[in-house]
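Written out below as structure tokens is the structure these notes cover.
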Amino acid sequence: MKNLVIYFSIFGSTKQFAEMVHDKVGGEIKELKPIRPYEKEYKPLLAFSKQEVDNGILTPFEELNIDIRDYDNIFVGYPMWWYTYPPILKNFFKKYDMTGKTIIPFNTHEGSGTGGTYQMIRNDVPEAKVLDGLAIRGGSMNEKQRSNVYKWLENLGF
Ligand SMILES: Cc1cc2nc3c(=O)[nH]c(=O)nc-3n(C[C@H](O)[C@H](O)[C@H](O)COP(=O)(O)O)c2cc1C
């Protein structure tokens with residue numbers, strides 16, 4: 001079974017989480033990068049992303065250079081954005097055929113936890129099997145989380 005880790009991260013906490021997942025499960029790791037880079041300043045980022053979410057915009061991303069048919073397990077890491085998962089990841093699910101894939105979500109947040117996003121992914125991508133994810137507060141993302149991340153993956157059979 002081949003593994004692909006896909007992540008989106010602006011401030012680095014989800015990136016760190018994704019790298020731990022990749023260290024454990026191996027395979028390929030790819031970052032979803034918007035073609036038009038997001039503002040790194042919080043206020044304009046909040047405003048811009050809110051209108052994307054509210055208008056159902058599917059954020060275009062840079063070419064990933066993958067053949068999705070090569071992978072069985074797709075680990076997807078993202079920060080909670082406006083009580084949902086980010087539009088760039090919605091676009092990933094739209095662009096690639098997820099039929100028969102196993103999706104393993106994981107996310108960072110600042111209070112919403114999983115925020116119901118795993119169920120949202122199940123609803124949006126019914127052609128895939130979506131396993132139970134792991135949520136970690138972005139502000140608590142550090143090396144000490146590695147054992148929690150590995151335990152979660154081991155419980156899922158990885
Ligand atoms: C645009 C935006 C919207 C956010 N919305 C939420 C939210 O709805 N719930 C929540 O708990 N945290 C929210 N956050 C906090 C992020 O999920 C959190 O800081 C995350 O760890 C950032 O991940 P990153 O470091 O990988 O970019 C939001 C942050 C941003 C920038």
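What FRET efficiency do you get for MET1 and ALA47 if R0 is 35 Å and r is their Cβ-Cβ distance, rounded to the nearest 0.05? The pair MET1/ALA47 has a calculated efficiency of 0.25. Dipole of segment 1-134 computed with +1 at Lys/Arg Cβ and -1 at Asp/Glu Cβ about the Cα centre; of ILE6, PHE106, SER49, farthest Cα towards the positive end is SER49.
Note on segment 3-155: antiparallel DSSP beta bridges, both residues inside, total approximately 10 percent of the bridges counted. Each other residue within a Cβ distance under 12 Å of GLN16 adds +1 if Lys or Arg and -1 if Asp or Glu, for a net charge of 0. Along the axis of the charge dipole computed for the chain (Cβ charges of +1 for Lys and Arg, -1 for Asp and Glu, origin at the Cα centre), the listed residues LEU32, MET80, ILE68 are led at the positive end by MET80.
Shown here for segment 14-88: trypsin sites (Lys or Arg not before Pro) in loop regions (DSSP other than H, G, I, E, B) with at most 14 other Cβ atoms within 10 Å, namely LYS40.
The chain gives an Rg/Rh value of 0.93, both radii derived from C-alpha positions and Rh following Kirkwood.
Dipole magnitude for segment 105-144: about 100 debye, using +1 per Lys or Arg Cβ and -1 per Asp or Glu Cβ, origin at the Cα centre.
Can you list which of the GluC sites (Glu not before Pro) found in segment 1-79 are DSSP loop residues with at most 15 other C-beta atoms within 10 Å? For GluC sites (Glu not before Pro) across segment 1-79 that sit outside H, G, I, E and B with at most 15 neighbouring Cβ atoms in 10 Å, the list reads GLU39, GLU41, GLU62, GLU63. Taking segment 1-33 and a reference point 7 angstrom along Cα→Cβ of ASP72, the backbone N atoms nearer than 13 Å belong to 1-4. Measuring nothing but protein heavy atoms, the accessible surface of the chain at 1.4 Å probe radius is 48 percent carbon and sulfur. Each residue of segment 117-123 was assigned a 3J(HN,Hα) from its phi angle through the Karplus curve 6.51 cos²θ - 1.76 cosθ + 1.60 (θ = phi - 60°); the sequence is 6, 5, 5, 4, 5, 4, 5 Hz, with glycine and proline shown as x.
Rounded to the nearest 20, the size of the Cβ-charge dipole of segment 3-155 about its Cα centre is 300 debye, with Lys and Arg at +1 and Asp and Glu at -1. Pairs of Cα atoms nearer than 8 Å and 6+ residues apart set the relative contact order; for segment 3-155 it is 25 percent.
For segment 29-68, the dipole from Cβ point charges (+1 on Lys and Arg, -1 on Asp and Glu) about the Cα centre works out to 180 debye, to the nearest 20. Calculated mean residue ellipticity at 222 nm for the chain: -10000 deg cm²/dmol, from DSSP H runs with n ≥ 4 weighted as -39500 (n - 2.57), summed, divided by the residue count and rounded to 500. With 31 Å as the limit on Cα-Cα distance, the pairs of LYS15/LYS94; LYS24/LYS101; LYS2/LYS50; LYS43/LYS94; LYS129/LYS151; LYS30/LYS50 that go past it are LYS2/LYS50.
The values are calculated or read from the model by the stated rules, or taken from the named source; none is laboratory data. Here the structure is a predicted model, which is why all the values come from computation and not from measurement. Glycine also receives a Cβ, built like all others from the backbone with ideal geometry; neighbour counts cover every protein chain displayed. Areas reflect the complete protein model, heavy atoms only, side chains present, ligands, DNA and RNA absent. Shrake-Rupley method; radii C 1.70, N 1.55, O 1.52, S 1.80 Å.
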